[in-house]
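Everything below concerns the one structure shown next.
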Amino acid sequence: MKEMKEAFESYFEKLNKFSARVFCTKPSVSYTETLNKGLLISKPDEDGEVAWRPIIQEPFTGWTVVEENLGFALCEELKAYYSSYLFLSMSGKFGSADLYFQPISSQENLVGIISQQFKDGQNAFPNTQIFLIGNAIINNNDGYYIYYDNVTSKVFCYEMETQKQVLLAYSLIKIIGQMEALG
């Protein structure tokens, strides 16, 4: 858990510096009514953008419910990923891939987020313990998705049309901690 929090902190520090240098602002996202207001630190600007900040999550106690719903135990790295920080946007460059992780923006809906990401992973990889956690652009192809294998800790991108798979790493902690922030 500690390593995952440190990886997130490293990434968020890079994101803040990137946003300040490139946009002269805090990290921002397009405003919608459904955003977790607890993460927002500004009102929407004239372009409909709102500044936000990540928040450390309170300890999550719903793992029994999550694992009963899934039918298997989650590995510690995936538990740490889902329960370390709430965030509205996490995108970065890792190797030749531009990665865009799906937000984890509400602890109240964490069970639903995990269940949906597992269900989405089953569309491409049925009868596995694979989760769809984001999308990616590799070699100018935006048809890739980011998957996490709960059994092996493998993080990879997969493009369904060509069935091409690109291994990113065997550690989500490594990817989050090392990726360079994108706007």
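The values are calculated or read from the model by the stated rules, or taken from the named source; none is laboratory data. Because the structure is predicted, anything quoted here is derived from the model rather than measured. In this analysis, Cβ positions are derived from the backbone assuming ideal geometry, glycine residues included, and neighbour counts consider all displayed protein chains. Side chains included, ligands, DNA and RNA excluded: accessible areas come from the protein's heavy atoms. Shrake-Rupley method; radii C 1.70, N 1.55, O 1.52, S 1.80 Å.
Here no strands (runs of 3 or more DSSP E) wholly within region 14-116 include at least 2 residues being of a type in the set (D, E, K, R). Residues that are of a type in the set (Phe, Trp, Tyr) and not in a strand (DSSP E or B): does region 151-170 have at least one? Yes, region 151-170 contains a residue that is of a type in the set (Phe, Trp, Tyr) and not in a strand (DSSP E or B).
Selection within region 109-146: residues that are small (Gly, Ala, Ser) and open to solvent by 10 Å² or more (accessible area, probe 1.4 Å). The member of this set that is nearest to Ala181 (Cα to Cα) is Gly143.
Scanning region 11-42 for residues being surrounded by 15 or more Cβ atoms within 10 Å (Cβ to Cβ) and either touching a residue at least 12 places away in the same chain (Cβ under 8 Å) or touching a helix residue (DSSP H, G or I) at 6+ places or on another chain (Cβ under 6 Å) (or both) gives a total of 15. Whenever a residue of region 147-161 is buried (at least 19 other Cβ atoms within 10 Å of the Cβ), its partners that are charged (D, E, K, R), lying with C-beta atoms within less than 8 angstrom and at least six residues away or across chains, give the pairs Tyr148/Lys154; Val155/Asp149; Phe156/Asp149; Tyr158/Lys164. Mind checking which residues of region 43-65 are open to solvent by 40 Å² or more (accessible area, probe 1.4 Å) and farther than 29 Å from Ile114 by Cβ? Result: Lys43, Pro44, Asp45, Glu46, Asp47. Residues that are touching a Leu at 6+ places or on another chain (Cβ under 6 Å), among the hydroxyl-bearing types (Ser, Thr, Tyr) and surrounded by fewer than 21 Cβ atoms within 10 Å (Cβ to Cβ): does region 90-106 have at least one? So far as region 90-106 goes, yes, one or more of its residues are touching a Leu at 6+ places or on another chain (Cβ under 6 Å), among the hydroxyl-bearing types (Ser, Thr, Tyr) and surrounded by fewer than 21 Cβ atoms within 10 Å (Cβ to Cβ).
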